[in-house]
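For reference, the structure is listed below as structure tokens.
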Number of protein chains: 6
Amino acid sequence: MKSHRFKSGLEKLKEIDGQAGEKVIESLASIAPDLAKYTIEFPFGDIYQRPGLDLQKRELITVAALTALGNCQPQLNVHINGALNVGCKPEEIVEVIIQMAVYAGFPASLNGMFIAKEVFVERSILSE
Amino acid sequence: MKSHRFKSGLEKLKEIDGQAGEKVIESLASIAPDLAKYTIEFPFGDIYQRPGLDLQKRELITVAALTALGNCQPQLNVHINGALNVGCKPEEIVEVIIQMAVYAGFPASLNGMFIAKEVFVERSILSE
Amino acid sequence: MKSHRFKSGLEKLKEIDGQAGEKVIESLASIAPDLAKYTIEFPFGDIYQRPGLDLQKRELITVAALTALGNCQPQLNVHINGALNVGCKPEEIVEVIIQMAVYAGFPASLNGMFIAKEVFVERSILSE
Amino acid sequence: MKSHRFKSGLEKLKEIDGQAGEKVIESLASIAPDLAKYTIEFPFGDIYQRPGLDLQKRELITVAALTALGNCQPQLNVHINGALNVGCKPEEIVEVIIQMAVYAGFPASLNGMFIAKEVFVERSILSE
Amino acid sequence: MKSHRFKSGLEKLKEIDGQAGEKVIESLASIAPDLAKYTIEFPFGDIYQRPGLDLQKRELITVAALTALGNCQPQLNVHINGALNVGCKPEEIVEVIIQMAVYAGFPASLNGMFIAKEVFVERSILSE
Amino acid sequence: MKSHRFKSGLEKLKEIDGQAGEKVIESLASIAPDLAKYTIEFPFGDIYQRPGLDLQKRELITVAALTALGNCQPQLNVHINGALNVGCKPEEIVEVIIQMAVYAGFPASLNGMFIAKEVFVERSILSE
């Protein structure tokens, strides 16, 4: 039986990531279904449900953190998509990634921007 | 002679950090005045001048990145102050730092929160 | 009303960390009580409850990770204490930290060892 | 002439990694044979020879550290194989990687798990 | 109109990286031309222009830092090429990367060396 | 009985760090004398003995890496001293640390510079 946190987390994840949420659950099903469960429950069932920050800001700070950390490319791809899905403008995402050059260095910023470019091309925001 | 970037950067830094900007310049004066100059010119004369993201969002993403990186305590202190100075609510800063538990782990989030607590106590937002 | 996850998490945290758990809750009470709640619920109410790995191994891998990350000193202190509390031998903790020199470099290993030394002296495992 | 540390290190590496050890030596032969030598001598000729921690625990803490660091995918692949080779159960490896979500964040844990999945499929522990 | 910093930065970048500089500008043109501009202006128009350290040393410390950080592979490739372009010997680059095993661990050093190998093969310094 | 690597490593460490080497050995004597031994043998008995890079360059790349990693303050202090001991000019050390702003961000560079300032004041290169 699924917990309330799981159900509302899965709904929130769909709101943010569209199909990506279900793909994560499926891809972990054979090896670690509980990690999928936790990934739904804690980030999306607990944190993203909280009222103190709107979803656009939540996605922008996530893009910032993942760009700065520099070793989370798949998640950065997901959350650049997520940011667009909840209404952030492409220009805002670009600004966030540029600003990371200050705090995490130019390589982190450049590598983040190339992922944004992939996402923007895939979504026809940019032509290739 | 100071460049335009330096002058507008210094003004922006004062808007964000109050006295902190001048303290950085002073503290570097004897060893690396040029690093002080670059710290004014590039982040504050170039990046924070850009129109695509308002100052509140710029400070929130900086708090996110510095919390996630986890080894920039002095700068995190400065930018939690900066976020408050440009009008972010304490609750928003708390939300940003909580969310970092998802992306950078609980230690990064907890250590960031203890710095926020120091700042909030210093500014009498919290009593000790 | 506290959730089941919170209650069993708090018990587990006491088993591992003694008083440290309650100190974390108290220290966050004025600024972010929910972060304290999550810190009890997810790590200790979910993860450390799982049967697949005994508590000694869970503490050793935590000491390994925190030593390698290198910027989580307060948590490393807590979990070196935790490892001892659940029955790990001091020699095992020393071995874990030495091995991190291979994967995260000598500075990470040395800085981790100096924290272990503090803990061991505090607990009279070592004389000063 | 090979040192004693090299010879016993190479044997230990074979015990842990099977063919992987010789592949590393070969792949570095043309550019930096001494780095291959050090990689055998220090980690496997010194550290993994030490009596204070059994090989299973040594592999589990290595999987923990490499998952947490998040930028050592090839080595994580090697040591998930190594953990299995010295008798760790797949379930234990999965537990270690799940636990890293607490200390290094969900992206590090998820990315580590996808490497474990590759290894498990390759070894027919999981079907694709 | 291009700034003086941009023009001298672009020249310096060509001196160091050959065609790589223009490729970066082009690849960012559609998404974030200003990030390309900053990447020319600050690192190459400001920092690499400074007299206190010759270009060979500047490239060696960059190779060191990028190897140690471990999540900047594209930039490490560029700067291993850059180091060779400004006259560093392949043996020096190899030494820098080996030494990083001490400070950032063996995985960082090994992963850096494999990038050096790619560059050396591409430039026929090594045969495959 | 001490190995040849230990003896020549200890001599090299004294050449670079003066008293600092013996302090490390002493400080680890009660908890992990073998980590002290490895710290002498591998970095200083193996790596710093190698002919391909002079000691000044070895110290500059170490200062670069430790500044970029950002969580190795005690070791950065030791190696800024080491760089000066083997004849690097203070200006070169300052340049290395400034350049790290490009690759690891301004916080890493600023925090490294404040450690350089401490060292320079302690050695009366700067007045306070």
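The values are calculated or read from the model by the stated rules, or taken from the named source; none is laboratory data. Keep in mind it's a predicted model, so treat the numbers as computed, not measured. Because the Cβ atoms are built from the backbone with ideal geometry, glycine has one as well, and the counts that use them run over all protein chains shown. For the accessible areas, the whole protein counts, side chains as well, though only heavy atoms, and no ligand, DNA or RNA atoms are used. Shrake-Rupley method; radii C 1.70, N 1.55, O 1.52, S 1.80 Å.
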**Item:** Threshold 40 Å² - residues in the stretch F:105-123 whose accessible area is reduced by that much or more when the chain is no longer isolated, probe 1.4 Å
**Value:** F:Phe106, F:Pro107, F:Leu110, F:Asn111, F:Met113, F:Phe114, F:Lys117
**Prompt:** Cα extents of the protein assembly as shown along the three principal axes, largest first, in whole Å?
**Reply:** 66, 66, 52
**Fill in**
Taking Cα atoms only, helix E:55-69 is inclined relative to the longest principal axis of chain E by an angle, in degrees rounded to 10, of 70
**Request:** Would you work out which of B:Phe120, B:Ile31, B:Gly18 lies farthest towards the positive end of the dipole of chain B, given +1 charges on the beta-carbon of Lys and Arg and -1 on that of Asp and Glu, about the Cα centre?
**Result:** B:Ile31
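Using only atoms on other chains, find how many Cβ atoms lie within 10 Å of each Cβ of peptide D:33-40 and report the average.
Mean shielding by partner chains, rounded to a whole number: 4.
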**Message:** Suppose all protein chains stay in the model; what accessible area per residue would a 1.4 Å probe give for chain A, in Å²?
**Reply:** 37
**Request:** Using DSSP to define loop residues, name the GluC sites (Glu not before Pro) in the stretch E:34-110 whose beta-carbon has at most 10 other beta-carbon atoms within 10 Å.
**Result:** none
**Request:** Could you please tell me the mean projected area of the C-alpha convex hull for chain A, averaged over all directions and given in square nanometres to one decimal?
**Result:** 8.2
**Residue-averaged beta-carbon neighbours from other chains (10 angstrom radius) around C:47-60** = 5
**Prompt:** Cα centroid distance between the stretch C:80-113 and the stretch E:40-56, in Å?
**Reply:** 41
**Asked** What angle do you read, to the nearest 10 degrees and between 0 and 90, between the alpha-carbon axis of helix C:90-104 and the longest principal axis of chain C?
**Response** 80
**Message:** Taking beta carbons within 10 Å but only from partner chains, what does the mean come to for residues E:3-10?
**Reply:** 1
**Prompt:** Once Rh is set to the Kirkwood radius over Cα pairs, what Stokes-Einstein translational diffusion coefficient, in µm²/s, holds for the stretch E:45-105 at a temperature of 25 °C and a viscosity of 0.890 mPa s?
**Reply:** 209
**Message:** Could you derive backbone 3J(HN,Hα) for the stretch E:105-110 from the dihedral phi with the Karplus parameters 6.51, -1.76 and 1.60 (θ = phi - 60°), listing whole Hz in sequence and x where the residue is Gly or Pro?
**Reply:** x, 5, x, 4, 5, 4
**Request:** Quick one: compute the contact order of chain C, relative version, from alpha carbon pairs under 8 angstrom and 6+ residues apart, as a percent.
**Result:** 23
**Item:** Percent accessible area from carbon and sulfur atoms, chain B, protein chains only, probe 1.4 Å
**Value:** 52
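Return the value, in Å² to the nearest 100, of accessible area buried between chains B and F (probe 1.4 Å, both sides summed). Intermediate results must be reported in sequence, preceding the final value.
On the way: alone 7850 and 7880 Å², together 14350 Å².
Roughly 1400 Å² of accessible surface disappears when B and F pair.
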**Message:** Please compute the modelled spin-label separation between C:Glu22 and C:Val121, points set 7 Å along Cα→Cβ, answer in nm with one decimal.
**Reply:** 2.8
**Asked** For helix C:4-17, what angle does its Cα long axis make with the longest principal axis of chain C, in degrees from 0 to 90 and rounded to 10?
**Response** 30
